[in-house]
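Read-outs: derived from the displayed coordinates by stated rules, not from any lab. Keep in mind that this is a model prediction, so the values were computed, not measured. Heads up, the Cβs are rebuilt from the backbone with ideal geometry, glycines too, and the neighbour counts pull from every protein chain shown.
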Amino acid sequence: MSTEQEEAQGVTASERYLAWLGKNTFLSPWCFPNLYTDEGKKAEGGDGKELCDLLVVFKEHVIIFSDKDIAFKDTGNLEVDWARWVRKAVLKSAPQVYGAEKFIREHADRIFLDRKCEQAFPLAFPSNDEIKIHRVLVARNATERFRQHTSGTGSLILNPEIAGKEMEKTPFQVGTVNPDKGFVHVLDDVALNVLLRELDTVHDLTTYLTEKEALISSGKLLFSAGEEELLGYYLSESNKDRDPGFYVNDSETVVVEPGLYDSLRSLPQYRRGKQLDSGSYFIDRFIEYFGSHARDNTWHFSNAEDFDSVTMGIREFASESRVGRRILADSIQEKVKSLKPDQRGVRLLLSPTNPLTMYVWLVVPVSDHFESYQKYRDFRAGLLIAYCKSAKLLKPERNIVVGVATDPPGGNGGSEDMIYHDTSEWSEEDYAEAQELRENLGLFKEGNVIEQNKRHYQYPIAEERTDNRAKREAGKKRKTERKRQKNARRKNRSRK
């Protein structure tokens with residue numbers, strides 16, 4: 001691996017692992033390890049200054065990661081060893097996160113992908129009045145030492161009441177790093193793995209970080225036995241009527257004891273949810289595939305030019321939660337599998353996560369009527385635009401329309417097109433044009449569209465378990481009824 005390639009993926013082993021986790025969670029179009037600024041660059045061939053170990057920029061969210069691999073020495077005095085470790089790994093490392101935040105807010109146009117500051121950062125940052133920054137400090141190597149003193153996972157205890165240098169006096173407890181500069185999430189080895197594997201979409205992770213920040217700033221979190229236990233509390237609060245979250249009344253406080261996360265993972269509905277999630281990674285692979293074309297500028301058809309604009313379509317898919325991706329993937333694959341090789345098909349999908357977004361997934365077979373494959377793709381792209389405009393007439397409350405067109409799986413072509421429509425400022429002429437297209441082509445007419453509404457749960461009870469339970473209940477009722485009838489016959493005979 002070249003030096004440039006190594007830097008792109010992280011210099012140290014821990015940085016490379018963080019970059020790998022980040023890519024799997026946030027996906028590569030929005031995840032950037034080892035960025036640099038031109039601050040301190042004195043000569044044209046000189047080096048810039050490292051901004052942070054990993055940066056995620058997605059819509060209004062910016063996540064700054066700093067990774068510190070500080071040895072936890074064992075001198076025989078735990079209090080001294082902890083104080084030294086937390087001072088280096090947390091208290092003296094946090095300024096890098098705060099410094100990166102300040103630079104992003106003030107000089108976002110001076111951030112680069114490479115040390116020589118020749119490759120500009122490709123994404124636009126949110127404005128300062130819209131940006132939501134999450135500060136994450138990865139502090140490694142305390143876990144094994146903690147396990148020597150506890151039977152648990154070794155994940156650091158969360159105690160928001162301690163702040164700053166007070167943490168040096170409380171072994172294996174972390175709190176508020178700097179109350180005056182914004183909350184920093186301190187993640188140890190265990191917490192990093194759990195969070196980025198459980199919450200492996202940018203929507204799920206940023207929602208958790210946002211709600212955790214709000215919970216701590218409210219003063220309602222008194223204590224948590226570890227980050228994974230707090231996550232277990234957050235996930236276990238979901239039910240058929242609400243998403244995961246910290247649902248705490250004004251008069252309540254939260255103390256999270258050990259074992260909650262493992263208890264959640266042992267539930268059959270948790271395992272069932274993970275099984276159902278397996279199909280959702282079709283959406284992840286699709287996003288990465290289109291993202292690679294955006295990076296390499298190998299799009300055949302796109303209604304955008306620069307990288308930031310080109311990725312707006314896949315960004316909508318990437319903004320879906322894991323459950324949302326599960327729903328979309330199931331619906332798309334169900335439609336595709338139902339089509340014959342020479343059959344055209346389309347599916348209109350309302351975003352399960354974003355109330356203003358919808359998707360059009362179009363499959364068009366390659367026909368001998370086209371003079372060339374290029375002519376076929378031009379026709380397909382035009383048809384996709386017509387479907388997207390017709391979709392707006394059917395669902396006018398949805399402003400964002402993302403269209404994807406493919407040829408049937410297993411065909412000779414193997415290509416995909418995507419368009420992104422923001423219809424929030426459509427004029428009367430736009431609506432009239434869409435109406436004419438729909439009438440002429442017969443696309444998405446209200447009488448021809450069958451809507452399906454089905455409630456999906458993050459952790460559902462397996463259908464076969466539900467069916468078996470229903471059968472058992474029905475059997476009990478039949479047995480009770482037979483017993484009642486038998487007793488009634490006995491009473492009648494005794495009266496005679």
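Work out the length of the dipole vector of the chain about its Cα centre, built from +1 on the beta-carbon of each Lys and Arg and -1 on the beta-carbon of each Asp and Glu, and round it to the nearest 20 debye.
So the magnitude is around 4900 debye.
Counting other C-beta atoms within 10 Å, which of HIS185, HIS456 has the fewest, and how do the rest follow?
Listing HIS185, HIS456 from fewest to most nearby Cβ atoms yields HIS456, HIS185.
What pairs from LYS49/LYS73; LYS132/LYS389; LYS92/LYS169; LYS389/LYS445; LYS88/LYS181; LYS92/LYS116 go past 21 Å between their alpha carbons?
Check vs 21 Å cut-off fails for LYS49/LYS73; LYS132/LYS389; LYS92/LYS116.
Looking at region 3-266 only, what percent of DSSP beta bridges run antiparallel? Nearest 5 please. Numbers along the way, then the final one.
Numbers: 16 of 34 bridges.
The antiparallel fraction comes to roughly 45 percent.
Rank by packing, highest mean first: peptides 210-220, 46-56, 72-82, with packing defined as the count of other Cβ atoms within 10 Å averaged across residues.
Going by the mean number of other Cβ atoms within 10 Å, highest first, we get 46-56, 210-220, 72-82.
Peptides 17-30, 281-294, 120-133: what's the order by average Cβ count within 10 Å, highest mean first?
On the way: 17-30: 20.5, 281-294: 17.7, 120-133: 14.2.
Top to bottom by mean Cβ count within 10 Å: 17-30, 281-294, 120-133.
To the nearest 20 debye, what charge dipole does region 231-298 have about its Cα centre, counting +1 at the Cβ of each Lys and Arg and -1 at the Cβ of each Asp and Glu?
380
Please sort 376-383, 430-437 by packing, taking for each peptide the average over its residues of neighbouring beta carbons within 10 angstrom, highest first.
Final packing ranking: 376-383, 430-437.
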